[in-house]
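Written out below as structure tokens is the structure these notes cover.
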Amino acid sequence: MKIAIHNNNKAKSLKAVRYLRAELTKANFSFDQNHPDMVITVGGDGTLLSAFHRYYDQLDHVRFVGVHTGHLGFYTDWRDYELKELVRTLRVDSGQSVAYPLLDLTITYMDSQKPDHFLCLNEATIKRLGSTLRANVYIKDTFFESFRGDGLCISTPTGSTAYSKSLGGAVIQPRLEALQMTEIASINNRVYRTLSSPIIVASDENILVKPTIADDYVLTVDQFTLKHRPIKKLEYKIAKERIHFARYRHKHFWNRVERAFIGANHEDEN
């Protein structure tokens with residue numbers, strides 16, 4: 001098994017990486033930062049997102065495992081004080097993994113015939129700087145609504161626990177291959193009217209957004225920002241690719257949600 005370690009530069013993470021690399025070397029693992037079989041991230045969810053985008057073109061054979069060194073991460077299974085146990089687990093690895101759906105985004109520009117294509121683990125958003133976003137929204141190529149507001153967020157099921165949740169979106173079980181669109185401060189009055197509610201779109205449907213002509217759009221793809229190009233349309237759909245996590249500890253999805261957002265697993269005794 002060839003291993004790559006992807007980490008942030010915080011002192012606690014760097015200390016953990018030194019220890020992890022030493023333990024993996026003693027266990028006779030090889031390292032390959034360019035073409036690994038396993039990517040171990042050390043940091044938090046942001047570090048794992050960064051690793052996903054670095055290795056997005058190798059998803060057919062790469063698995064990910066996360067170690068967190070700060071606040072409890074949603075994607076990370078291991079703590080920095082469990083590295084010796086993690087290495088022991090890797091030595092008896094049998095290839096087990098769990099796969100999550102990804103968001104496929106295609107952006108077509110007014111000033112170019114060549115579209116951009118992205119994969120997202122969490123979400124993609126579109127906003128405008130200093131002005132209202134105006135866009136027509138289509139679902140499965142059928143007109144749905146004319147949106148007016150600050151922006152739109154389209155998320156994956158795993159991304160439903162990230163920015164989408166803060167916008168009032170639902171938390172979606174990742175076994176459901178679906179997209180969720182949540183509105184960001186939509187305008188609703190006698191002139192403009194949107195559904196003003198999160199919508200969940202099936203895996204065989206796409207979301208198409210056609211904004212009005214402008215050159216001040218700000219797009220995000222997970223933690224990356226794209227700015228200032230006139231956009232013709234954006235198409236969102238479930239990607240053919242999936243991300244694979246090496247799950248050595250079976251944690252039910254709702255246990256992860258409870259651990260990340262509630263933090264107290266108490267049953268009502270009454």
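Bear in mind these aren't lab numbers, they're just calculated from the coordinates by the rules spelled out. Source: prediction; values computed, not measured. Note: ideal-geometry Cβ built from the backbone for every residue, glycine included; neighbour counts use all protein chains shown.
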- Considering the alpha-carbon set of the range 101-240 alone, what are its Rg and its Dmax in angstrom? 13.8, 41
- Task: Work out, step by step, the length gained on full extension between SER203 and LYS12: first 0.36 nm times the residue separation, then minus their alpha carbon distance; give nm to one decimal.
- Result: 64.8 nm
- Item | Residue with peak Gaussian network fluctuation, the chain [Cα springs, cutoff 10 Å], from ALA170, ALA16, ALA27 | ALA27
- Message: Given a 10 angstrom Cα cut-off, can you work out which residue in ASN255, ASN122, ASN189 is the most mobile in a GNM of the chain?
- Response: ASN189
- Task: With springs only between Cα atoms under 10 Å apart, run a GNM on the chain and tell me which of SER155, SER166, SER50 wobbles the most.
- Result: SER166
- Message: Let me spell out the model: positive unit charges on the Cβ of Lys and Arg, negative unit charges on the Cβ of Asp and Glu, origin at the Cα centre of the chain. What dipole size does that give, in debye rounded to 20?
- Response: 560 debye
- Extension gain from VAL191 to LYS227, taking 0.36 nm per residue of separation minus the Cα-Cα distance: 10.0 nm
- Could you give the size of the charge dipole of the range 101-240 about its Cα centre, using +1 on the Cβ of each K and R and -1 on the Cβ of each D and E, expressed in debye and rounded to the nearest 20? 300 debye
- Taking 0.36 nm per intervening residue step and subtracting the Cα-Cα distance, what contour gain separates ALA170 from HIS252 on full extension? 27.8 nm
- What FRET efficiency would be calculated for the residue pair HIS61, ALA27, taking the C-beta separation as r and a Förster radius of 22 Å, to the nearest 0.05? 0.55
- Expected 222 nm ellipticity per residue - DSSP helices of 4 or more, -39500 (n - 2.57), all of the chain, to 500: -4500 deg cm²/dmol
- Efficiency by 1/(1 + (r/R0)^6): what FRET value for ASP116 and THR212, r their Cβ-Cβ distance, R0 = 22 Å, to the nearest 0.05? 0.65
- Task: Go ahead and collect, in residue order, the members of the range 190-220 whose backbone nitrogen is under 16 Å from a label point 7 Å along the Cα-Cβ direction of PHE261.
- Result: 198-200
